[in-house]
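First the structure, in the form of structure tokens, and then the observations on it.
The values are calculated or read from the model by the stated rules, or taken from the named source; none is laboratory data. Quantities reported herein were computed from a predicted structural model and do not represent experimental measurements. Neighbour counts run over all protein chains shown; Cβ positions are idealised from the backbone, glycine included. The area values use the complete protein model at the heavy-atom level, side chains included, leaving out ligands, DNA and RNA. Shrake-Rupley method; radii C 1.70, N 1.55, O 1.52, S 1.80 Å.
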Amino acid sequence: KEETEKKEEKAPHKDFGFVTISAGEGLSEIFKELGVDEVIEGGQTMNPSTEDMVNAIEHVNADTVYILPNNKNIILAAEQTIPMVKDRNVIIVPTRTIPQGMTAMLNFDPEISAESNAQLMTDALASVGTGLVTFAARSSEFGGKKIKEGDIIALENGRLTITEKSTVKALVKLAKDMVSRDTSFITLIYGEDVSEEEAEKAYGELREKFGSRTDITLVKGDQPVYYFILSVE
């Protein structure tokens, strides 16, 4: 234990640090590549506590630590860390989805002040559309549509828009709804329950439909619950 504590103290001190909440090995790796210091495992059903976030902040040797919750249900718990951490400046960037978290990191500028960065990262969130392909956990009726337990469903920015029998079909329909003339980038992140073959098929269909005018990236996210996360910018 003492050994690890000594190692942690030696992390070089810096001006800015980042804590994010994510689920899935692939997504955690992506956030680390984007410059995140601490990734807390969390997801739809296992939201991290304020205490988990305080612990993560304390592991980051920085004057200002940004938290990216990546889920609207975690923003409040993240905000509660601010009065609990006395020795550094904690700023919440109100990311509601994984794609928003990635965009926030891509827009960070180490040359400007902490507050200006918070504004820059928050402003960038408006340009990101998030699509999710998952399954209905129970039978219900939604906006006049009957949904059976286990049906494949697609959500556009949190609204249920599509029910389908196939994940790839649901994804392609979702992309058609979300992609506009102004779209420059599409990122397709596939989950732990999607085979590489299925992911390649989905990627191929997106390239066929939108590849001439948009930059499309396929990413192995390993996330649970969501077969596909679609980021459209």
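Going by the conditions given, is GLU149 part of a loop (DSSP other than H, G, I, E, B) and either within 23 Å of LEU34 (Cβ to Cβ) or charged (D, E, K, R) (or both)?
Spelling it out, GLU149 is indeed part of a loop (DSSP other than H, G, I, E, B) and either within 23 Å of LEU34 (Cβ to Cβ) or charged (D, E, K, R) (or both).
Could you go through region 130-146 and let me know if any residue there is among the aliphatic types (A, V, I, L, M), in contact with a helix residue (DSSP H, G or I) (Cβ under 7 Å, 6 or more places away or on another chain) and either modelled with pLDDT of 95 or more or within 16 Å of TYR227 (Cβ to Cβ) (or both). Even if it seems obvious, please write down each step before you answer.
So the first thing to find is which residues in region 130-146 are among the aliphatic types (A, V, I, L, M), and the list is 132-133, 136-137.
Subset that is in contact with a helix residue (DSSP H, G or I) (Cβ under 7 Å, 6 or more places away or on another chain): 133.
Then keep just the ones that are either modelled with pLDDT of 95 or more or within 16 Å of TYR227 (Cβ to Cβ) (or both); that gives 133.
Yes, region 130-146 has at least one match.
Within the group LEU174, LEU218, LEU230, which residue is within 15 Å of VAL128 (Cα to Cα), part of a strand (DSSP E or B) and under 21 Å from the mean Cα position of the chain (by Cα)?
Unique residue meeting the criteria: LEU230.
Can you tell which of PRO94, PRO110 is outside any helix (DSSP H, G or I), touching a Phe, Trp or Tyr at 6+ places or on another chain (Cβ under 7 Å) and open to solvent by 10 Å² or more (accessible area, probe 1.4 Å)? Before the answer, list the steps.
Values: PRO94 fails: touching a Phe, Trp or Tyr at 6+ places or on another chain (Cβ under 7 Å).
That would be PRO110, the only listed residue that is outside any helix (DSSP H, G or I), touching a Phe, Trp or Tyr at 6+ places or on another chain (Cβ under 7 Å) and open to solvent by 10 Å² or more (accessible area, probe 1.4 Å).
Quick one: which of THR122, THR163 is open to solvent by 20 Å² or more (accessible area, probe 1.4 Å), in a strand (DSSP E or B), hydroxyl-bearing (Ser, Thr, Tyr) and in contact with a helix residue (DSSP H, G or I) (Cβ under 9 Å, 6 or more places away or on another chain)?
The conditions single out THR163.
Among the residues of region 125-141, count how many are open to solvent by 60 Å² or more (accessible area, probe 1.4 Å) and over 21 Å from VAL172 (Cβ atoms).
6
Can you tell me which residues in region 178-194 are assigned to a loop (DSSP other than H, G, I, E, B) and surrounded by 19 or more Cβ atoms within 10 Å (Cβ to Cβ)?
Within region 178-194, VAL179, GLY191, VAL194 meet the criteria.
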